[in-house]
1. What's the Kirkwood radius of segment 155-219 in Å, using all Cα pairs?
2. What Kirkwood hydrodynamic radius do you get for segment 196-262 when you take the inverse of the mean 1/r over all pairs of distinct Cα atoms, in Å?
3. GNM on the chain, C-alpha springs below 10 Å: top fluctuator among 252, 154, 94?
4. Calculated from DSSP H runs of 4 or more alone, at -39500 (n - 2.57) each and per residue, what is the 222 nm mean residue ellipticity of the chain, nearest 500?
5. Against the 2.2 N^0.38 Å scaling, with N counting residues, where does segment 231-304 land? I'd like the Cα-based Rg ratio to two decimal places.
6. Give me the distance between the Cα centres of segment 260-285 and segment 128-172, rounded to whole Å.
7. What would the Debye equation give as log₁₀ I(q)/I(0) for the chain at q = 0.08, 0.10 Å⁻¹, counting only Cα atoms as equal point scatterers?
8. Of all DSSP beta bridges located in the chain, what percent are antiparallel, nearest 5?
Ligand code: ADP
């Protein structure tokens, strides 16, 4: 029917792995790595063989160019990435603490990433798209809701579908119309890919079983629940449940696991694979991603995932 399309931020990530409490002391930084949750999602989608495109904005600088080049070489459609002559590519500084927690310093609001808009190229892309993937990280960008509304209208009218990764910063839910707009997205979503307690946030109901039932009552037809180091679970509207035990891996960098999971799942389903097979590839894509430094570095081809699956033991915890 047409490509899977995502709207949102393209960033570079620069990371610090040192002791200490903040960014204030001189620290050793590594990067830049291509990043931005929607960019990682679409890169994984394309790399596994799905038709995939992104609507985004970068600066006219090397940070923008490394992203465009990566996405292009991995097979994504980059026709709707606009290049701002005035603003730099967005960035994220990530500091990994020894206890596994992370601190982020973002430059998105005053970067090219915030300039994403309904350009002629974006309109043309939506007009031939078969699926829209909506990501909560993009909700902080002004004007994104309106673009999503437009894209959903056009794509649904063509008989296309919508998936939602509700990774919404909770504090945003209290802002203006965010809660009702978010609820509207849940109502139009065919597939929801929550992580942990995002399931109950999306459903507006506590408890896994009740939240799953509430989403199905609102028209969702499948849910792929991400459980981090505990793997993933599929729920189908017909009552099917599939648990996928985690692969046992050494976690090097957790950033991007959920985006690779989502990119692989959506691409595999759209390629016509049954849910259990899509879930297996998604579970593998998320696990493989955490073994590599850099948020997009673990995005994998189908062959790389087959090799990973054959070589990696399952969690028996
Ligand atoms: P998010 O990044 O959206 O919070 P998760 O952390 O749940 O998402 O990761 C997404 C998926 O990646 C998980 O459902 C699982 O399949 C895989 N994954 C993530 N972390 C690990 C890990 N430490 N070991 C094995 N698999 C993992």
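No lab work stands behind these numbers, since they all come straight from the coordinates. Keep in mind it's a predicted model, so treat the numbers as computed, not measured. Here the Cβ is made from the backbone with ideal geometry for all residues, glycine too, and neighbour counts use every protein chain on show.
1. For segment 155-219, the Kirkwood estimate is 12.3 Å.
2. 12.9 Å
3. 252
4. -11000 deg cm²/dmol
5. Cα-based Rg divided by the globular estimate yields 1.08.
6. Taking the Cα centre of segment 128-172 as reference, the centre of segment 260-285 is 20 Å away.
7. Cα-only, vacuum Debye calculation for the chain: -0.32, -0.52.
8. 45 percent
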